[in-house]
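In what follows, a structure is listed as structure tokens, so that the remarks can point back to it.
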Amino acid sequence: MKSPETFLNIGCGPNGLNHWLNFDWGILPLLSKFPGVRRCLIRLGALPQGYDLAWPGLKLVDIRKRFPLPDGAVKFIYCSHVIEHFERWEALHILRECCRCLRDDGALRLVVPDIPKMIACYQQAAAAAQPDARPARDLCRLWWGFDKDIEPGSFVGRFSRRFIRDHAWNYDRQELELLVKEVGFRAMTVCDFRKGTVPDLDKLDLEGHKSHSIYAEVVK
């Protein structure tokens with residue numbers, strides 16, 4: 001088994017792998033350390049049932065700050081559906097840290113919602129004209145990253161909203177490539193779902209993201 005320090009997953013959520021080094025930050029990652037409290041919040045309705053998952057071993061790291069790693073410490077970095085939750089200038093800092101910590105022979109895999117694919121999902125649903133379909137609503141939920149149209153009327157609803165970090169900036173291929181080259185990466189290659197040089201993609205690339213995401217690997 002390879003050393004956990006060799007591979008880094010930033011913003012891993014509950015989908016990280018225990019033989020990777022996993023960074024995450026926020027209320028939900030904190031609650032992963034206290035499963036009894038998390039299950040209590042689920043029973044109260046403050047968290048969806050889908051959050052009752054066994055999280056991987058992770059370190060609570062605010063990735064907006066300097067990573068607690070030396071230069072060139074990791075060969076592969078995986079970052080899926082993370083940077084869109086930050087302002088573009090914050091994403092630049094996160095990617096600078098990725099570039100600093102990545103080995104010269106390594107690769108960073110980025111997965112983000114893709115503007116053209118989100119629009120295509122809307123167009124396909126609108127063209128299908130199913131009676132109960134709401135393509136515009138579904139597009140907005142993809143764009144913002146959660147069901148923003150539902151009013152959090154109750155105390156529990158307002159409380160649960162505190163667990164949500166919506167999308168601050170979205171990308172297409174051009175904008176993503178400009179971003180990574182601005183921080184010093186040399187080249188970006190667009191990949192297929194679960195295809196690339198980064199290991200464990202059969203477990204890390206999630207099926208639920210496939211229809212509306214762009215998959216890219218970048219090198220120094």
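The values are calculated or read from the model by the stated rules, or taken from the named source; none is laboratory data. This is a predicted model, so every value here is computed, not measured. With ideal geometry, Cβ positions are generated from the backbone for all residues, glycine too; neighbour counts draw on all protein chains shown.
Would you confirm whether any residue within the range 27-50 is of a type outside the set (Gly, Ala, Ser) and within 29 Å of Val190 (Cα to Cα)? Checking the range 27-50: not a single residue is of a type outside the set (Gly, Ala, Ser) and within 29 Å of Val190 (Cα to Cα).
When Cys98 is tested against the conditions (1) more than 20 Å from Glu217 (Cβ to Cβ); (2) of a type outside the set (Phe, Trp, Tyr); (3) in contact with a Leu (Cβ under 6 Å, 6 or more places away or on another chain), the lone failure is (1).
Can Tyr78 be described as in contact with a Lys or Arg (Cβ under 9 Å, 6 or more places away or on another chain), at pLDDT 95 or above and either among the acidic types (Asp, Glu) or surrounded by 13 or more Cβ atoms within 10 Å (Cβ to Cβ) (or both)? It is true that Tyr78 is in contact with a Lys or Arg (Cβ under 9 Å, 6 or more places away or on another chain), at pLDDT 95 or above and either among the acidic types (Asp, Glu) or surrounded by 13 or more Cβ atoms within 10 Å (Cβ to Cβ) (or both).
I need a count of the residues in the range 34-47 that are assigned to a loop (DSSP other than H, G, I, E, B) and either in contact with a helix residue (DSSP H, G or I) (Cβ under 7 Å, 6 or more places away or on another chain) or in contact (Cβ under 8 Å) with a residue 12 or more places away in the chain (or both).
So in the range 34-47, the residues assigned to a loop (DSSP other than H, G, I, E, B) come out as 34, 44-47.
If we keep only those that are either in contact with a helix residue (DSSP H, G or I) (Cβ under 7 Å, 6 or more places away or on another chain) or in contact (Cβ under 8 Å) with a residue 12 or more places away in the chain (or both) as well, we get 44-47.
Qualifying residue count, the range 34-47: 4.
Annotation note: Cβ proximity below 9 Å between a residue of the range 52-79 that is at positive phi and a residue that is not in a loop (DSSP other than H, G, I, E, B) (sequence gap 6+ or interchain) occurs for Gly72/Arg100; Gly72/Cys101; Gly72/Leu102; Gly72/Arg103; Gly72/Asp104; Gly72/Gly106. Regarding the range 95-104, can at least one residue be identified that is more than 15 Å from the chain's Cα centre (by Cα), assigned to a strand (DSSP E or B) and not hydrophobic (A, V, I, L, M, F, W, C)? Looking through the range 95-104, at least one residue is more than 15 Å from the chain's Cα centre (by Cα), assigned to a strand (DSSP E or B) and not hydrophobic (A, V, I, L, M, F, W, C).
Name the residue that is farthest from Val218 (Cα to Cα), counting only residues in the range 109-136 that are hydrophobic (A, V, I, L, M, F, W, C) and touching an Asp or Glu at 6+ places or on another chain (Cβ under 8 Å).
Within the range 109-136, the first condition is being hydrophobic (A, V, I, L, M, F, W, C), and the residues that meet it are 110-112, 115, 118-121, 125-129, 133, 136.
Checking the rest, the ones that are also touching an Asp or Glu at 6+ places or on another chain (Cβ under 8 Å) come to 110-112, 115, 121, 125.
On the way: Leu110: 8, Val111: 11, Val112: 14, Ile115: 19, Cys121: 26, Ala125: 32 Å.
Looking at the filtered set, the residue picked out is Ala125.
In the range 116-137, the residues that are of a type in the set (D, E, K, R) reach residues that are surrounded by fewer than 15 Cβ atoms within 10 Å (Cβ to Cβ) and at pLDDT below 95 with C-beta atoms within less than 7 angstrom, at least six apart or across chains, in these pairs: Arg137/Asp149.
Which members of the range 169-212 meet the condition of being part of a helix (DSSP H, G or I), without any contact (Cβ under 8 Å) to a residue 40 or more places away in the chain and either among the aliphatic types (A, V, I, L, M) or touching a helix residue (DSSP H, G or I) at 6+ places or on another chain (Cβ under 6 Å) (or both)? Across the range 169-212, the qualifying residue is only Leu178. Of the residues examined, Ala129 is one that is farther than 24 Å from Arg88 by Cβ, of a type in the set (Gly, Ala, Ser) and at pLDDT below 95.
Residues checked against (1) on the phi < 0 side of the Ramachandran plot; (2) exposed (fewer than 11 other Cβ atoms within 10 Å of the Cβ); (3) touching a Leu at 6+ places or on another chain (Cβ under 8 Å); (4) at pLDDT 90 or above:
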| position | (1), (2), (3), (4) |
| --- | --- |
| Gly106 | yes, no, no, yes |
| Leu110 | yes, no, yes, yes |
| Ile115 | yes, no, no, yes |
| Ala136 | yes, no, no, yes |
| Leu142 | yes, no, no, yes |
| Ile150 | yes, yes, no, no |
| Phe155 | yes, yes, no, no |
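Residues that are loosely packed, with under 14 Cβ neighbours inside 10 Å, in contact with a His (Cβ under 7 Å, 6 or more places away or on another chain), at pLDDT 95 or above and not in a strand (DSSP E or B) occur in the range 48-68; there is at least one.
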